[in-house]
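Colleague: Once you've had a glance at the structure underneath, I'll fire off some questions.
The numbers here are math on the coordinates, done by the rules we state, and not lab data. Worth saying up front: this structure is predicted, and the values here are computed from it rather than measured.
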């Protein structure tokens with residue numbers, strides 16, 4: 001370097017401060033603007049009602065007058081409320097029956113629809129379409145199919161000299177009929193998810209099993225089902241949460257009162273009538289928090305059990 005050249009001094013930047021380019025600042029501001037509607041919606045429609053309902057559960061709030069704090073009185077009263085216990089029992093019964101049936105039938109149908117045959121797309125569409133039918137149309141359709149007088153189901157049973165039950169008008173058959181309807185509507189969506197899970201099963205595993213002489217049932221038991229357990233686990237969690245919060249179908253079928261003889265008195269129906277028919281918002285809020293705790297406990301138990309039966313590809317030590 002010549003002696004005449006001079007080294008230009010570098011500008012001294014304040015320590016602890018990072019220079020942000022205009023492009024980066026613009027992208028950050030755009031991200032904040034796009035994020036704000038979601039955050040506002042979360043706060044206004046979820047977090048605020050979440051904590052407000054918690055407060056109301058300790059009051060006797062009824063909309064018509066300001067609520068007064070009553071402590072744990074609502075929760076204590078729930079323990080001695082026979083209707084509350086009945087609705088809880090009905091909901092648990094439906095959950096225990098419908099969720100396993102939906103999973104078993106969903107897996108079985110997805111395995112059949114995964115077979116490469118002519119008209120595969122038509123069969124898949126036929127299975128999925130019922131999940132798109134509005135709940136009102138479902139109610140009308142199945143009320144006609146299961147009608148004791150003009151229903152096609154009882155007519156088919158009469159052909160083999162079997163007297164069909166009253167279905168939705170019979171307290172002993174109302175719940176099985178509801179499970180049947182929910183199975184018809186719910187199997188389509190679950191089948192699509194199972195079919196997506198089946199596409200992730202490596203074909204080389206099937207090829208290796210065939211070389212070892214494994215048949216279709218052994219491949220299903222030792223390859224397909226183990227690799228499908230993460231999807232089954234997801235469906236189990238979502239099925240339990242959905243079944244415990246079931247409301248639309250039983251409300252419409254029973255006319256909103258859980259009849260016949262409270263056999264369809266689901267937890268959600270009793271909570272809804274408590275809040276909007278009797279205006280006992282504090283009591284209904286306590287019911288909501290009881291169900292929240294129940295779902296939280298059951299979900300935690302299922303998550304805890306997954307280490308024993310859920311298989312993840314590539315997981316170490318499995």
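Colleague: Kindly express, to the nearest 10 degrees and within the range 0 to 90, the angle between helix 225-244's C-alpha long axis and the longest C-alpha principal axis of the chain.
Modeller: 70
Colleague: Tell me the angle of helix 174-198 to the major Cα principal axis of the chain, expressed in degrees between 0 and 90 and rounded to the nearest ten.
Modeller: 30
Colleague: Rounded, prolate or oblate, given the Cα gyration tensor of the chain, with a/c below 1.5 counting as rounded?
Modeller: Judged from the Cα gyration tensor, the chain comes out oblate (a/c at least 1.5, b/c at or above a/b).
Colleague: At 222 nm, what value in deg cm²/dmol follows for the chain if DSSP H runs of at least 4 each add -39500 (n - 2.57) and the sum is divided by all its residues, to the nearest 500?
Modeller: -20500 deg cm²/dmol
Colleague: Between 0 and 90 degrees, rounded to the nearest ten: what's the tilt of helix 82-113 against the longest Cα principal axis of the chain?
Modeller: 70
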